[in-house]
Amino acid sequence: MSIEAVIFDLGGVVIASPMQTFADHESRHGLPSNFINRMIVDNGSASAWGRLERGEVPMGAAFFADFDTELRAAGAPETLSSAAIFADVAGAAGIHQNMVAAIGKLREAGYKLAALTNNWHNEDRPDANTQVKGLFDVFVESAVEGVRKPDPRIYQIALQRLGIEPGAALFLDDIGQNLKSARALGLTTIKVTDPALAISEMETLLGLDLH
């Protein structure tokens, strides 16, 4: 089956990943590399992060209190503040313009385009994704749907709204477990470690010039 649609994660693909901000705070507070992300993964879907991304709690005081509790339980010092971490995440969320240009080329070539993002509601910024929503035909957000990657249901929502079968979709994400779940459903996947490299992979796979 040929590719008819390209589905993009946002953070780490179209928008800068929060992982560098996490790393900056880890270094500043004497914590091991990947401490915060490992804690998030280890705490599972019932964690503060899981509830945030399913839209059960907004980014604000209640989330910060719960996330701080989890940080302390994992061994982080009192000086590490989740409010400070996520203020920096918001400030660092720049857009990868080369990926935006590639999305434009895909649209010109006739591909359907979707965003599939694990995100959250903000108490002070009701719609933080306004700047990129217009790039896509379909925009699927975990905090709106109440389900998050890598749960297969959120991929199925995106496929249904695009009107395609899994084999007709190419999916880009920077997190391995999200890609694994997509592949299990039959989607073709690209792991994004660098947007420029991912664009080159898309060019090879689709036979297009995306620059």
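The values are calculated or read from the model by the stated rules, or taken from the named source; none is laboratory data. Model, not experiment: these values are computed from the prediction. Methodologically, a virtual Cβ is constructed for each residue, glycine included, from the backbone with ideal geometry; neighbour enumeration extends over all protein chains shown. The area values use the complete protein model at the heavy-atom level, side chains included, leaving out ligands, DNA and RNA. Shrake-Rupley method; radii C 1.70, N 1.55, O 1.52, S 1.80 Å.
Filter segment 157-199 down to the residues that are under 16 Å from Ala115 (Cβ atoms) and charged (D, E, K, R), then identify the one that is most open to solvent (accessible area, probe 1.4 Å). That would be Arg161.
In segment 139-167, which residues are of a type in the set (Val, Ile, Thr) and part of a helix (DSSP H, G or I)? Reasoning before the result, please.
So the first thing to find is which residues in segment 139-167 are of a type in the set (Val, Ile, Thr), and the list is 140, 144, 147, 154, 157, 164.
The answer is Val144, Ile154, Ile157.
Within segment 99-138, restricting attention to residues that are open to solvent by less than 40 Å² (accessible area, probe 1.4 Å) and in a strand (DSSP E or B), the residue that is modelled with the lowest pLDDT is Asn122. If the condition is being open to solvent by less than 40 Å² (accessible area, probe 1.4 Å), assigned to a helix (DSSP H, G or I) and either touching a residue at least 40 places away in the same chain (Cβ under 8 Å) or closer than 24 Å to Ala102 by Cβ (or both), then segment 9-38 contributes Thr21, Phe22, His25, Phe35, Ile36. Can you find even one residue in segment 168-175 that is assigned to a helix (DSSP H, G or I) and either in contact with a Ser or Thr (Cβ under 8 Å, 6 or more places away or on another chain) or closer than 14 Å to Tyr111 by Cα (or both)? Scanning segment 168-175, I find at least one residue that is assigned to a helix (DSSP H, G or I) and either in contact with a Ser or Thr (Cβ under 8 Å, 6 or more places away or on another chain) or closer than 14 Å to Tyr111 by Cα (or both), so the answer is yes. Once segment 185-209 is narrowed to residues that are closer than 19 Å to Gly12 by Cβ and among the acidic types (Asp, Glu), the residue that is nearest to the chain's Cα centre (by Cα) is Asp194.
Picking from residues in segment 57-83 that are part of a loop (DSSP other than H, G, I, E, B) and among the polar types (S, T, N, Q), the one that is surrounded by the fewest Cβ atoms within 10 Å (Cβ to Cβ) is Thr79.
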